[in-house]
Amino acid sequence: MQDKIVEIISKRIPDDGWHIWGFADLSGLLHERFKGYSHGITIGKRLDDAIMDSVVKGPNIQYYDLYKQTNAYLSDLVTGLASDIEGLGVKGLVIRPNSSPDLDRSPDYSRTLRHRFSHKMVGTRAGLGWIGKTDLFISRKFGPRLRLASILVDYHLRPLASPLEKSLCGKCNICVDACPAGAASGKLWNTRIDRDEFYDAFKCQQKAKELSSEWRKQDDEICGICIAVCPVGKKGLPESKHS
Ligand code: B12
Ligand code: SF4
Ligand code: SF4
């Protein structure tokens, strides 16, 4: 069965340098709302380098459009994949890039800025990357320059790589220094540390609202400077800083 699922994914997801995917064992890690599901498929779609490079100076309309387009693309991709996988008799639950009110959105959200499902966790359990100092998923292949979507399944997929349980940021502090909100403390992530111990989501949200209001009238929360500056997304972390 695993081979058939791999075949389906390989047909739908081109090996074109713009995608990553993997399998994650999520046993014991999911919110009770996802009862019956134990494993997940993570899919990442790379973000265009020229647009991301421009975000070093702050967010702009090109990044906003890319963000929306990538969400729509990934939503279609995971919906098609889940339907093919269900054809094999495996139940699949689509989790789109942004949270859905009836599925993963939490009623406590405005108080906690946390939802019931973490795409980044599926990514680390699939061994495709780690959590960086500003709480982004840092994929080995594209750094943080990607958006994520997931499919939960009720089938025991064997992960294709070992899960990552700690940060590989080392001494690099580039995103911490670049963040206009001062949202990150610089502490390294591991699976036992809570988000709030190293990154302040409220400071980030507030700053992203301020920056977005400079070029959008609506109440958006777009920043992404931490994505743009990370060296793993450009050429890779220099070995000297990686100790
Ligand atoms: C709520 C939310 C926000 C909030 C809070 C952000 C936050 N970091 O918590 C606000 C509004 C501030 C925000 C801002 C942004 N967001 Co946002 N956001 C989300 C959303 C909808 C839910 C995240 C959530 O619930 N966080 C709560 C914490 C507790 O969970 P978490 O941060 O996902 O991950 C933790 C755990 O997974 C844990 N973990 C990881 N592996 C493992 C393994 C084990 C065993 C254990 C125990 C734990 C563990 O490590 C993390 C520690 O914080 C996700 C989509 C989703 N459903 O995942 C997008 C998402 C995280 N956002 C994303 C992006 C891009 C942004 C922005 C850049 C917005 C923008 N476009 O400009 C900024 C960047 C902020 C930042 N530096 O993180 C991307 C991240 C892509 C990436 N490379 O990481 C996501 C995944 C959307 C997507 N589909 O791609 N966001
Ligand atoms: S999105 Fe902007 S404000 Fe939020 S952590 Fe990244 S750089 Fe800081
Ligand atoms: S900029 Fe440096 S510290 Fe920040 S996530 Fe990337 S590698 Fe880690």
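A few comments on the model shown:
- When segment 2-235 is described by a simple charge dipole with +1 on each Lys and Arg Cβ and -1 on each Asp and Glu Cβ, the residue from His119, Asn71, Ile61 located farthest towards its positive end is His119.
- Rounded, prolate or oblate (a/c below 1.5 giving rounded, otherwise prolate when a/b exceeds b/c) for segment 33-118 by Cα gyration tensor: oblate
- Within the accessible area of segment 1-152 (1.4 Å probe), percent carbon and sulfur: 48 percent
- Beyond 21 Å in Cα-Cα separation lie the following of the pairs Lys45/Lys171; Lys133/Lys207; Lys133/Lys166; Lys209/Lys234: Lys45/Lys171; Lys209/Lys234.
- Its Cα centre serving as origin, segment 73-171 has a Cβ charge dipole (Lys and Arg +1, Asp and Glu -1) of approximately 620 debye.
- For Gly58, net neighbour charge (Lys/Arg +1, Asp/Glu -1) across residues whose Cβ lies under 14 Å away: -1
- Computed over the chain, the Cα gyration tensor eigenvalues convert (square root of 5λ each) into semi-axes of 28, 20, 19 Å, ordered from largest to smallest.
- Lys, Arg +1 and Asp, Glu -1 on Cβ, resulting dipole of the chain about Cα centre, debye, nearest 20: 380 debye
- Partners of Lys4 within straight-line reach, counting lysines whose Cα lies under 20 Å from its Cα and excluding those fewer than 8 residues away in the same chain: Lys91.
- Test item: Cα-centred dipole of segment 1-92, Lys/Arg +1 and Asp/Glu -1 on Cβ, debye: 300 debye
- Separation between Cα centres of segment 172-203 and segment 71-98, rounded to whole Å: 32 Å
- Relative contact order of segment 1-77, pairs being alpha-carbon contacts under 8 Å that are 6 or more residues apart, as %: 25 percent
- Between Asp3 and Gln218, the distance separating the two model label sites (each 7 Å from Cα on the Cα→Cβ line) works out to 4.7 nm.
- Residue order for Val153, Val94 - accessible surface, 1.4 angstrom probe, largest first: Val94, Val153
- Segment 187-239: C-alpha gyration tensor shape, a/c 1.5 cut-off, then a/b vs b/c: oblate
- Probing with 1.4 Å while keeping every protein chain in the model, the per residue accessible area of the chain equals 50 Å².
- Summary value for segment 2-235: 25 percent relative contact order, contacts being C-alpha pairs under 8 angstrom separated by 6+ residues.
- Charge dipole of the chain about the Cα centre (unit charges at C-beta), most positive-ward option of Gly36, Pro107, Phe198: Phe198
- Angle in degrees between helix 201-213 and the longest Cα principal axis of the chain, rounded to the nearest 10: 70 degrees
- Overall form of segment 115-179 per C-alpha gyration tensor (a/c, 1.5; a/b vs b/c): prolate
- Placing unit charges on each Cβ (+1 for Lys and Arg, -1 for Asp and Glu) gives the chain a dipole about its Cα centre, and among Ala50, Val94, Cys172 the Cα reaching farthest toward its positive end belongs to Cys172.
- Build a GNM of the chain with springs between Cα atoms under 10 Å apart, and of Lys187, Lys203, Lys35 the one that fluctuates most is Lys35.
- Using just its DSSP H runs of length 4 or more, each adding -39500 (n - 2.57), the chain gives a mean residue ellipticity at 222 nm of -9500 deg cm²/dmol after division by all residues.
- Helix 2-12 vs. the chain, principal-axis angle (Cα, 0 to 90°, nearest 10): 60 degrees
The values are calculated or read from the model by the stated rules, or taken from the named source; none is laboratory data. All values derive from a computational prediction rather than experimental measurement. Ideal geometry is used to build each Cβ from the backbone, glycine not excepted, and the neighbour counts take in all protein chains shown. Note: areas computed on protein heavy atoms with side chains; ligands, DNA, RNA excluded. Shrake-Rupley method; radii C 1.70, N 1.55, O 1.52, S 1.80 Å.
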